[in-house]
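Have a look at the structure below, then the notes.
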Amino acid sequence: MASSTPPPHCALTTSKPYHPHPLPQTHSHPHSNHRNNHQRHWSSQKVSLNRPAPPRNATHPPPSQTPNFLSLSSSKSDFSADFSGRRSTRFVSKMHFGRAKISGNGRHSSFAEEALEEAIRCCKNEAGLDQVLLTFGSKLLGSDDYTFLFRELGNRGEWLAAMRCFEFAVGRERKRNEQGKLASSMISILGRSGKVDLAEKVFENAVSDGYGNTVYAYSALISAYAKSGYCNEAIRVFETMKDSGLKPNLVTYNALIDACGKGGADFKRASEIFDEMLRNGVQPDRITFNSLLAVCSGAGLWETARGLFNEMIYRGIDQDIYTYNTFLDAACNGGQIDVAFDIMSEMHAKNILPNQVTYSTVIRGCAKAGRLDRALSLFNEMKCAGITLDRVSYNTLLAIYASLGKFEEALNVSKEMESMGIKKDVVTYNALLDGFGKQGMYTKVKQLFAEMKAEKLSPNLLTYSTLISVYLKGALYHDAVEVYKEFKKQGLKADVVFYSKLIDALCKKGLVEYSSLLLNEMTKEGIQPNVVTYNSIINAFGESASNECGSDNVTQIVSTISQSKWENSKEDNIVKIFEQLAAQKSASGKKTNADRQDILCILGVFHKMHELQIKPNVVTFSAILNACSRCSSFDEASLLLEELRLFDNQVYGVAHGLLMGQREGVWAQALSLFNEVKQMDSSTASAFYNALTDMLWHFDQKQGAQLVVLEGKRSEVWENTWSTSCLDLHLMSSGAACAMVHAWLLSIRSIVFEGHELPKMLSILTGWGKHSKITGDGALKRAIEGLLTSIGAPFQVAKCNIGRFISTGAVVTAWLRESGTLEVLVLQDNTSHLRATRFGQISNLQQLTL
């Protein structure tokens with residue numbers, strides 16, 4: 001059974017669909033009424049690659065009425081966009097990093113190529129390089145030859161030699177405009193290779209010497225900052241450029257929008273730049289839209305990306321492979337995996353063939369959405385298409401096998417990488433460490449870490465946080481201490497992701513007191529917790545009652561910045577926490593009647609999140625629902641949701657209304673919420689449905705539970721769950737699975753009473769609990785076995801598969817025809833406690849706060 005709490009990195013984009021800009025008046029297609037006409041078209045799931053036809057009798061709006069590029073508030077939903085959260089606290093990996101760059105043919109002469117050969121041979125020798133430049137000086141034909149020379153040297157990492165050539169060329173050139181071209185080219189070359197400091201120096205010298213005050217030089221420096229992700233610096237140079245009286249051109253604006261994407265700026269900033277660009281009469285091109293799509297991809301704005309793509313088509317701007325790869329990345333980051341496959345299919349229709357990046361992007365999206373089999377089939381498709389796997393592809397494949405526990409396959413991928421001349425890098429080792437760690441193979445983890453260091457690879461922040469998290473979950477506290485001490489020696493600085501990963505590991509062990517101490521340490525270091533951090537703590541209260549978390553410990557969570565007994569110590573408090581865990585081995589006593597205190601704790605966490613302006617997301621909601629399921633009484637669960645309505649009446653109001661049996665009043669609102677959840681990746685969406693159904697089933701709101709689970713089935717939250725012959729419950733929680741069994745049996749009963757025969761063999765699959773302490777004794781299997789027994793359903797555990805209940809069609813048909821069967825299959829809500837709850841909440845709250 002899948003966990004009913006989703007992974008911390010999930011996304012649901014509820015942003016308003018992108019509104020296109022009016023085209024320039026010289027365009028042959030009218031546009032004004034077209035925008036409204038095609039709003040529905042843009043919000044459909046199918047991505048149209050055909051140029052939309054403008055409506056008749058449409059007129060152009062005047063340029064002064066150009067609308068804002070995008071309203072980031074949602075019109076289609078009242079749910080906050082923050083409810084969705086970001087997929088991760090880190091930005092999406094740069095899929096193109098490390099791939100070979102394709103250079104176009106320049107206009108250089110053959111003498112430039114000869115000069116390059118000589119320069120490469122003696123580039124380490126300054127005097128020798130000077131001699132080469134003097135020898136070829138009279139033969140090289142102006143800025144084109146010199147640009148070729150120092151570009152090729154720069155591509156080989158010979159920066160000192162490249163700079164020497166540039167300085168030589170500028171010194172020989174007498175024309176200011178040619179010197180300006182050389183400077184712009186040098187700045188661009190340095191920027192592409194991340195040498196921002198050198199690019200800055202060239203620019204400053206050029207301006208000082210009177211040939212750098214050009215649009216091209218400024219644009220080149222903005223682009224250099226953009227490529228290194230320095231958005232604020234790029235904007236500063238842009239403003240300086242305008243103050244100097246220079247008018248930005250298309251290259252300038254494209255570079256600045258690119259800076260927003262690579263520097264993590266929000267889409268609002270990029271849209272403001274785009275608006276300014278249009279106001280100044282600069283029309284966008286393919287690079288403009290590609291950069292805007294990249295901003296959307298990084299921010300998880302799928303709807304906006306789709307609108308941009310469609311406007312690009314309407315403007316008649318051709319798409320290239322980079323357009324599609326970025327668009328695919330936006331789709332995958334938005335959880336739109338099925339749409340991503342549609343986009344790939346339509347690429348072929350446009351004669352744009354997928355490349356390494358295309359496949360890597362979709363494979364990564366499938367892996368994040370938990371569709372691992374589909375990801376593996378894409379790898380086979382990639383090989384059949386003759387596309388060679390690169391480092392990114394191999395690392396993704398290896399991570400998939402590791403996450404599936406298929407370590408032999410993972411190691412084979414590692415060997416294949418090396419046979420192809422691709423050495424394992426830090427990403428490779430991080431994936432292996434995480435995969436083996438999750439399976440509790442700690443000896444192999446230690447061996448891999450030692451091998452990594454023997455290969456002279458420097459562990460990064462993710463390496464150390466992964467190792468410490470693995471050791472904490474395995475109660476190997478001494479090892480966690482040693483790794484942390486090594487991390488400190490390396491001079492690396494912990495960030496919010498590092499702390500959140502450790503807090504999550506402690507919470508999963510039930511060590512909530514120690515997670516609160518880490519939270520205190522985190523805030524002392526000036527690092528503000530994020531929604532992922534708090535989700536881990538809230539989720540600790542949604543785990544089973546066996547968690548070791550006494551009421552005295554829980555109160556520390558409410559005051560997340562309370563004084564700890566180590567606050568004034570000069571020693572590293574994290575080391576002391578780990579060392580105490582190592583000495584103690586068992587951190588806390590058994591949990592007593594702490595449920596009421598737990599409710600106060602959750603409310604306290606919510607209050608703190610609100611105070612810090614950290615907005616809960618869908619993972620928080622699922623964790624809250626899990627906590628409700630663990631409440632000792634219906635009153636406490638309803639009270640918790642009632643209090644949380646003060647923070648978000650729409651989201652928590654749906655859960656509270658369903659719990660209170662008020663389906664008629666909240667069902668329309670619930671459907672709106674379900675539509676938002678439908679846009680998420682499948683693992684997060686299924687976790688939401690599992691948590692909500694579990695809560696309703698736990699408190700005997702069984703009709704409500706069945707309605708929710710059927711809505712999840714209709715939305716295909718659980719893939720391939722239901723057929724006439726088989727019900728697959730692998731990915732469902734116990735409550736959701738029980739509700740689904742009733743619905744499935746009622747469905748096949750209708751088949752019987754319509755006069756049709758059932759298949760010869762019927763199956764209900766639960767899995768055999770391979771992760772349970774006792775093999776074959778999984779919680780889901782136990783729940784379904786108990787349910788089938790209680791209703792008298794004639795299913796037995798299969799001899800060949802202990803995670804499968806089977807029966808013949810004839811036997812089930814006979815049982816379904818029995819007079820009492822319908823009564824046990826039709827679910828009823830238990831309403832006996834609802835009236836008492838409505839009158840008793842005030843007194844309960846008073847008791848709770850005593």
Here the residues within the range 368-379 that are small (G, A, S) and crowded, with 20+ Cβ neighbours inside 10 Å are A369, G370, A375
The condition of being at pLDDT 50 or above and out of contact with any Gly (no Cβ under 9 Å at 6 or more places or on another chain) holds, among L625, L612, only for L612
In the set L378, L353, L398, L372, the lone residue that is modelled with pLDDT under 85 and either closer than 25 Å to N430 by Cβ or of a type outside the set (V, I, T) (or both) is L372
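For (1) at pLDDT 90 or above; (2) part of a loop (DSSP other than H, G, I, E, B); (3) of a type in the set (V, I, T); (4) open to solvent by 10 Å² or more (accessible area, probe 1.4 Å), each residue gets a yes or a no:
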site	(1), (2), (3), (4)
A431	no, no, no, yes
G440	no, yes, no, yes
K446	yes, no, no, yes
E451	yes, no, no, yes
S458	no, yes, no, yes
Y464	yes, no, no, no
Taking the range 760-775 and the residues there that are surrounded by 14 or more Cβ atoms within 10 Å (Cβ to Cβ) and modelled with pLDDT of 85 or more, the one that is farthest from M740 (Cα to Cα) would be L762
Review point. Does any residue of the range 669-681 turn out to be of a type in the set (A, V, I, L, M), open to solvent by 10 Å² or more (accessible area, probe 1.4 Å) and under 27 Å from Q796 (Cα atoms)?
Key: no
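To keep it simple, each residue is scored yes or no on (1) surrounded by 20 or more Cβ atoms within 10 Å (Cβ to Cβ); (2) touching a helix residue (DSSP H, G or I) at 6+ places or on another chain (Cβ under 8 Å); (3) within 14 Å of I577 (Cβ to Cβ).
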| residue | (1), (2), (3) |
| --- | --- |
| K485 | no, yes, yes |
| K489 | no, no, no |
| Y499 | yes, yes, yes |
| I503 | yes, yes, yes |
| K508 | no, yes, no |
| S515 | yes, yes, yes |
| L519 | yes, yes, yes |
| T523 | no, no, no |
| Q528 | no, yes, no |
In the range 697-716, anything within 23 Å of S629 (Cβ to Cβ) and free of Cβ contacts under 8 Å to residues at least 40 places away in the same chain is listed as V709, L710, G712, K713
Restricting the range 716-737 to residues that are of a type outside the set (G, A, S) and not in a loop (DSSP other than H, G, I, E, B), the one most open to solvent (accessible area, probe 1.4 Å) turns out to be W722
G755 meets each of (1) open to solvent by 30 Å² or more (accessible area, probe 1.4 Å); (2) in a helix (DSSP H, G or I) with one exception, condition (2)
Can you say whether V413 is of a type outside the set (F, W, Y) and surrounded by fewer than 21 Cβ atoms within 10 Å (Cβ to Cβ), as far as the supplied structure shows?
no
Looking across the range 150-194 at residues that are among the hydroxyl-bearing types (S, T, Y) and either at positive phi or outside any loop (DSSP other than H, G, I, E, B) (or both), the single one that is least open to solvent (accessible area, probe 1.4 Å) is S184
Per the filter on the range 229-248, residues assigned to a loop (DSSP other than H, G, I, E, B) and either open to solvent by less than 40 Å² (accessible area, probe 1.4 Å) or on the phi > 0 side of the Ramachandran plot (or both) are G229, G245, L246, P248
Does at least one position in the range 693-715 carry a residue that is open to solvent by 10 Å² or more (accessible area, probe 1.4 Å) and closer than 22 Å to N333 by Cα? yes
(request) Examine the range 481-493 for a residue that is in a loop (DSSP other than H, G, I, E, B), free of Cβ contacts under 8 Å to residues at least 60 places away in the same chain and under 16 Å from N573 (Cα atoms), and state whether such a residue exists. (result) yes
Does the range 776-789 include one or more residues that are over 24 Å from D700 (Cα atoms), open to solvent by 20 Å² or more (accessible area, probe 1.4 Å) and either of a type in the set (D, E, K, R) or modelled with pLDDT under 85 (or both)?
yes
Residue pairs within 8 Å by beta carbon, gap of at least six or interchain, first lying in the range 350-368 and on the phi < 0 side of the Ramachandran plot, second among the acidic types (D, E) and surrounded by fewer than 24 Cβ atoms within 10 Å (Cβ to Cβ), listed first then second, are I352/D320; Q356/D390; Y359/E381; S360/D390
The correct count of residues that are more than 23 Å from L746 (Cα to Cα) and modelled with pLDDT of 90 or more in the range 790-804 is 0
In the range 627-642, residues that are buried (at least 24 other Cβ atoms within 10 Å of the Cβ) and of a type outside the set (A, V, I, L, M, F, W, C) total 1
Residue pairs qualifying under the 6 Å Cβ cut-off, at least six apart or on distinct chains, with the first in the range 816-828 being within 17 Å of G704 (Cα to Cα) and the second being surrounded by 14 or more Cβ atoms within 10 Å (Cβ to Cβ) and among the hydrophobic types (A, V, I, L, M, F, W, C), are V824/I791; L825/L745; L825/L746
Restricting attention to the range 646-686, the residues that are part of a loop (DSSP other than H, G, I, E, B) and in contact with a strand residue (DSSP E or B) (Cβ under 8 Å, 6 or more places away or on another chain) number exactly 1
With the structure loaded, tell me whether G474 is free of Cβ contacts under 8 Å to residues at least 60 places away in the same chain, open to solvent by less than 40 Å² (accessible area, probe 1.4 Å) and on the phi > 0 side of the Ramachandran plot or whether it fails that test. no
| If we scan the range 372-379, do we find a residue that is free of Cβ contacts under 8 Å to residues at least 40 places away in the same chain and either assigned to a loop (DSSP other than H, G, I, E, B) or closer than 24 Å to G261 by Cβ (or both)? | no
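The values are calculated or read from the model by the stated rules, or taken from the named source; none is laboratory data. Keep in mind that this is a model prediction, so the values were computed, not measured. Note: ideal-geometry Cβ built from the backbone for every residue, glycine included; neighbour counts use all protein chains shown. Only protein heavy atoms, including side chains, enter the accessible area calculation; ligands, DNA and RNA are left aside. Shrake-Rupley method; radii C 1.70, N 1.55, O 1.52, S 1.80 Å.
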